[in-house]
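S.K.: Before we start, here is the structure in question, set down as structure tokens.
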Amino acid sequence: MHDPKLLDQLENRPTRPFQGAVFRALRGGLDPLTPSTRGGRWAPPGGISVLYTSLDREGAIAEVAFHWSQLTPWPAKPLDVHEIAAAAEKTLRLIEADLPALGVNPASYKAPKYRRTQEIGAVVEFLGCDGLIVPSARWNC
């Protein structure tokens with residue numbers, strides 16, 4: 001079900017509780033606490049529900065701006081940015097230097113090529129983590 005090598009690489013990584021402010025940007029009028037269920041960089045479609053946020057307000061905006069730039073026309077409703085108090089008991093943190101060893105190509109990390117990152121997210125969830133902090137593909141945060 002999961003890549004055994006990836007399981008080995010992630011299962012012994014330290015996890016920590018997280019508590020702090022995170023930011024979520026989304027089309028105006030939407031509930032900022034509604035998770036994504038259609039998949040994304042860290043969750044395969046039809047898999048786990050994910051609340052994509054950023055530790056940096058501009059990081060949240062940059063992510064939405066990238067996705068909206070792929071649409072014609074852009075959504076007519078304005079963008080809302082929400083600050084959310086978040087808490088997780090078992091958070092895994094990955095830094096940019098961790099990604100190549102986990103099979104993520106740094107040259108294509110910014111592109112919407114999600115297969116390997118989705119596999120990582122699925123393993124992180126399988127290991128019982130309730131939080132994952134990763135480098136933004138759109139902003140230096």
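S.K.: Taking interchain pairs and intrachain pairs at least six residues apart, which have beta carbon atoms under 8 angstrom, with the first residue in region 1-30 and under 19 Å from residue 128 (Cβ atoms) and the second part of a loop (DSSP other than H, G, I, E, B) and hydrophobic (A, V, I, L, M, F, W, C)?
M.R.: Within 8 Å, the pairs are 7/127; 10/127; 11/127; 15/129.
S.K.: Might you let me know whether region 12-27 holds any residue that is at pLDDT 95 or above and out of contact with any strand residue (DSSP E or B) (no Cβ under 9 Å at 6 or more places or on another chain)?
M.R.: The first filter runs over region 12-27 and keeps only residues at pLDDT 95 or above, leaving 13-25.
Next cut, out of contact with any strand residue (DSSP E or B) (no Cβ under 9 Å at 6 or more places or on another chain) only: none.
Within region 12-27, none of the residues are at pLDDT 95 or above and out of contact with any strand residue (DSSP E or B) (no Cβ under 9 Å at 6 or more places or on another chain).
S.K.: A follow-up question, please. Just to be sure, is residue 97 among the hydrophobic types (A, V, I, L, M, F, W, C) and more than 24 Å from residue 126 (Cα to Cα)? If you could, list the steps in order and put the result at the bottom.
M.R.: Working: among the hydrophobic types (A, V, I, L, M, F, W, C): yes; more than 24 Å from residue 126 (Cα to Cα): no.
No; evaluated as a whole, the condition is false for this residue.
S.K.: For residues in region 37-46 being surrounded by 15 or more Cβ atoms within 10 Å (Cβ to Cβ) and of a type outside the set (D, E, K, R), which is nearest to residue 63 (Cα to Cα)?
M.R.: Step one: filter region 37-46 for residues surrounded by 15 or more Cβ atoms within 10 Å (Cβ to Cβ), giving 39-44.
Imposing the further condition that a residue be of a type outside the set (D, E, K, R) reduces the set to 39-40, 42-44.
On the way: 39: 15, 40: 12, 42: 14, 43: 16, 44: 18 Å.
Selected residue: 40.
S.K.: Output the number of the condition that residue 53 fails; it satisfies all remaining conditions of (1) within 17 Å of the chain's Cα centre (by Cα); (2) at pLDDT 95 or above; (3) surrounded by fewer than 11 Cβ atoms within 10 Å (Cβ to Cβ).
M.R.: Checking residue 53 against (1) within 17 Å of the chain's Cα centre (by Cα); (2) at pLDDT 95 or above; (3) surrounded by fewer than 11 Cβ atoms within 10 Å (Cβ to Cβ), the one that fails is (3).
S.K.: Looking at 39, 59, can you tell me which residue is touching a residue at least 60 places away in the same chain (Cβ under 8 Å) and either β-branched (Val, Ile, Thr) or under 17 Å from residue 113 (Cα atoms) (or both)?
M.R.: Answer to the check: 39.
S.K.: Looking at region 63-75 only, could you name the residues that are assigned to a helix (DSSP H, G or I) and of a type in the set (A, V, I, L, M, F, W, C)? Give the steps one after another, and end with the answer.
M.R.: The first filter runs over region 63-75 and keeps only residues assigned to a helix (DSSP H, G or I), leaving 63-69.
64, 65, 66, 68 - these are the residues of region 63-75 that are assigned to a helix (DSSP H, G or I) and of a type in the set (A, V, I, L, M, F, W, C).
S.K.: Could I ask something else about it? Within region 100-141, can you find the residues that are surrounded by fewer than 17 Cβ atoms within 10 Å (Cβ to Cβ), outside any loop (DSSP other than H, G, I, E, B) and of a type in the set (Gly, Ala, Ser)?
M.R.: Matches in region 100-141: 101, 107, 108.
S.K.: While we're here: Restricted to region 94-133, and to residues that are touching a residue at least 12 places away in the same chain (Cβ under 8 Å) and among the basic types (Lys, Arg), which residue is nearest to residue 68 (Cα to Cα)?
M.R.: 110
S.K.: Hey, among 6, 30, 10, which residue is within 17 Å of the chain's Cα centre (by Cα) and hydrophobic (A, V, I, L, M, F, W, C)? Outline the logic, then answer.
M.R.: Details: 6 fails: within 17 Å of the chain's Cα centre (by Cα); 30 fails: within 17 Å of the chain's Cα centre (by Cα).
The unique qualifying residue is 10.
Rundown of residues vs (1) of a type outside the set (Val, Ile, Thr); (2) modelled with pLDDT of 95 or more; (3) in a strand (DSSP E or B), yes/no style:
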{"position": "10", "(1), (2), (3)": "yes, yes, no"}
{"position": "33", "(1), (2), (3)": "yes, yes, no"}
{"position": "61", "(1), (2), (3)": "no, yes, no"}
{"position": "77", "(1), (2), (3)": "yes, no, no"}
{"position": "80", "(1), (2), (3)": "yes, yes, yes"}
{"position": "88", "(1), (2), (3)": "yes, yes, yes"}
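S.K.: Counting only residues that are in contact with an Asp or Glu (Cβ under 6 Å, 6 or more places away or on another chain) and among the hydrophobic types (A, V, I, L, M, F, W, C), how many does region 128-141 have?
M.R.: 2
The values are calculated or read from the model by the stated rules, or taken from the named source; none is laboratory data. Just so it is clear, the structure is predicted and the values come from calculations on it, not from any experiment. We place every Cβ from the backbone using ideal geometry, glycine too, and count neighbours over all the protein chains shown.
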